[in-house]
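Here the structure is laid out as structure tokens; the discussion comes afterwards.
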Amino acid sequence: MKTEYSEKLFAKANELFPGGVNSPVRAFKGVGGTPRFIARARGSRIWDVDGNQYVDYVGSWGPLILGHCHSAVMQAVQDALREGASFGAPSPREIRLAELVRQRMPWIQKMRFVSSGTEATAAAVRLARGFTGRDDILKFDGCYHGAADALLVKAGSGVETLGLPDSPGVPADVARHTPTLPWNDLAAVVRLFRDRGPSIAAVITEPVVGNMGVLAPNPDFLEGLARVCRQHGALFIVDEVMTGFRVGAGGACGRFGVTPDLVTFGKIIGGGLPVGAFGGRADVMDRIAPAGPVYQAGTLSGNPMAMAAGTATLEQLSAASYAKLEDLSARLAEGLAEGAREAGAAVKVNRVGSMLTVFFSGEPVFDATSARRCDAKCFGRYFHAMLERGIYLPPSQFEAAFVSVAHSVEDVELTIAAAKEAFAEAMKG
Ligand code: HOZ
């Protein structure tokens, strides 16, 4: 496979950007080699600058549930741009998107649009502290909630991929207010609340972890978290940046029947443009300025093009879309597991809806500790064997692959056939 142009650009990018990239995981450090520079994309496919074509399972890390360049999204963005790129004033498209969100998720009584998932979670944490008058935020080992100080403690995603310690630059005084526990361990949560309940403002969790690879919640875990929070006067924040509108129209809260106090969004809500949001109980959201004293602001918040892309994306997602995603993803997960078995590779395929991860482990993977036991080197070999065969996966053992509505049965069959060979190659060492 020709990669000269990507290599040349990466050398240049290294002179301009730390590690040659503008977000860590895409640097391929988790798998080695040179990241492909992407020239263009359409549907389920992307093309790199050397002209190689791939079936894409990154989908810009989740937002592109309709695939690349969906015509309705493109049209909506173009229409919005023609009317003005940004106003810094309220505009009607914010209302349309907010109403669509509330129709799908009635527990979001009020919301605020921001420009990224990181902004959304940082604001939700400030709001929880301001609302409860408490300082501590319980998070879980391996969950990633964006790059804000309070949440960069035992974080997954790039922090895990690069094997970094809790980030330098986060003051110890901040980090001590973020106790962490193993995910899926409700008994540990109950114990922690018994010890220091009155100081805990909120529990924040990914409802399906995507940032340690895909981890599914135990049946009673999410409901148990909501219950413990209610008992102790803490808020339950569900981080649906990845899962929102992905694992069902109602996100993970809808899928698992959980009632949150606050929810954070990113990715799909912006249809590929930079958007985040947080929302939930009206009495909590009304503490946000200017209704209340908890400050949050942003020049590009509610940006019309981003609102248009999010609106068009949500409008396109029907019950049939989710049925297709479920069906294709199940087919893919089963085919991958079978391919691994045939190749004698010890692999667990974790899947929830259209999010999935192939873990190189013979044991069940259900929390950060079990995910860390995986053979990340073997994953790296598998990743490159797939890339060579035209399949573009997330370049880390600790990320989720995403299936889109634009993927076809043929894409999935092609992927399974490639994986059969890739597993065998990865096992050779
Ligand atoms: N944090 C995202 C993955 N979970 C994006 C990573 C990237 O773009 O490098």
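The values are calculated or read from the model by the stated rules, or taken from the named source; none is laboratory data. Only a predicted model underlies this, so the values are computations on that prediction, with no experimental measurement involved. Cβ coordinates were reconstructed from backbone atoms using ideal geometry, including for glycine residues, and neighbour counts include every protein chain displayed.
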Give LEU100, LEU64, LEU81 a once-over and let me know the one that is away from the ligand (no atom under 14 Å from the Cβ), surrounded by 15 or more Cβ atoms within 10 Å (Cβ to Cβ) and of a type outside the set (D, E, K, R). LEU100
Residue that is buried (at least 18 other Cβ atoms within 10 Å of the Cβ), more than 15 Å from the chain's Cα centre (by Cα) and not hydroxyl-bearing (Ser, Thr, Tyr), where the choices are ARG255, ARG246: ARG255
Provide a single number: the residues in segment 15-51 that are within 15 Å of the ligand (Cβ to nearest atom), more than 21 Å from ARG381 (Cα to Cα), over 20 Å from the mean Cα position of the chain (by Cα) and not aliphatic (A, V, I, L, M). 4
Filtering segment 200-226 for residues that are surrounded by fewer than 16 Cβ atoms within 10 Å (Cβ to Cβ), in contact (Cβ under 8 Å) with a residue 12 or more places away in the chain and not acidic (Asp, Glu) leaves a count of 1
Being crowded, with 18+ Cβ neighbours inside 10 Å and either assigned to a strand (DSSP E or B) or basic (Lys, Arg) (or both) is the requirement here; does ARG112 meet it? yes
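Taking the condition of being part of a helix (DSSP H, G or I) and under 21 Å from the mean Cα position of the chain (by Cα), how many residues in segment 328-358 meet it?
Residues that pass the stated criteria total 5.
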Wholly within segment 218-290, strands (runs of 3 or more DSSP E) carrying at least 3 residues that are within 24 Å of PHE398 (Cα to Cα) and not acidic (Asp, Glu): 262-265
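On the basis of being among the hydroxyl-bearing types (Ser, Thr, Tyr) and within 13 Å of the ligand (Cβ to nearest atom), does SER6 make the cut?
no
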Just to be sure before I move on: is MET386 without any contact (Cβ under 8 Å) to a residue 40 or more places away in the chain and within 28 Å of THR161 (Cα to Cα) in the structure I sent? yes
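Determine whether THR118 is at pLDDT 95 or above, among the hydroxyl-bearing types (Ser, Thr, Tyr) and either surrounded by 19 or more Cβ atoms within 10 Å (Cβ to Cβ) or within 16 Å of the ligand (Cβ to nearest atom) (or both).
yes
Residue by residue, here is whether (1) crowded, with 19+ Cβ neighbours inside 10 Å; (2) under 30 Å from ALA98 (Cα atoms) holds:
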{"position": "TYR295", "(1), (2)": "no, yes"}
{"position": "ALA320", "(1), (2)": "no, yes"}
{"position": "LEU336", "(1), (2)": "yes, no"}
{"position": "ARG341", "(1), (2)": "no, no"}
{"position": "THR357", "(1), (2)": "yes, no"}
{"position": "ARG372", "(1), (2)": "no, no"}
{"position": "PHE383", "(1), (2)": "yes, no"}
{"position": "MET386", "(1), (2)": "yes, no"}
I need a count of the residues in segment 121-152 that are touching a residue at least 40 places away in the same chain (Cβ under 8 Å) and either within 15 Å of the ligand (Cβ to nearest atom) or of a type in the set (Phe, Trp, Tyr) (or both). 9
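Within the group ALA175, ALA155, which residue is within 23 Å of the chain's Cα centre (by Cα), among the small types (Gly, Ala, Ser) and within 15 Å of the ligand (Cβ to nearest atom)?
ALA155
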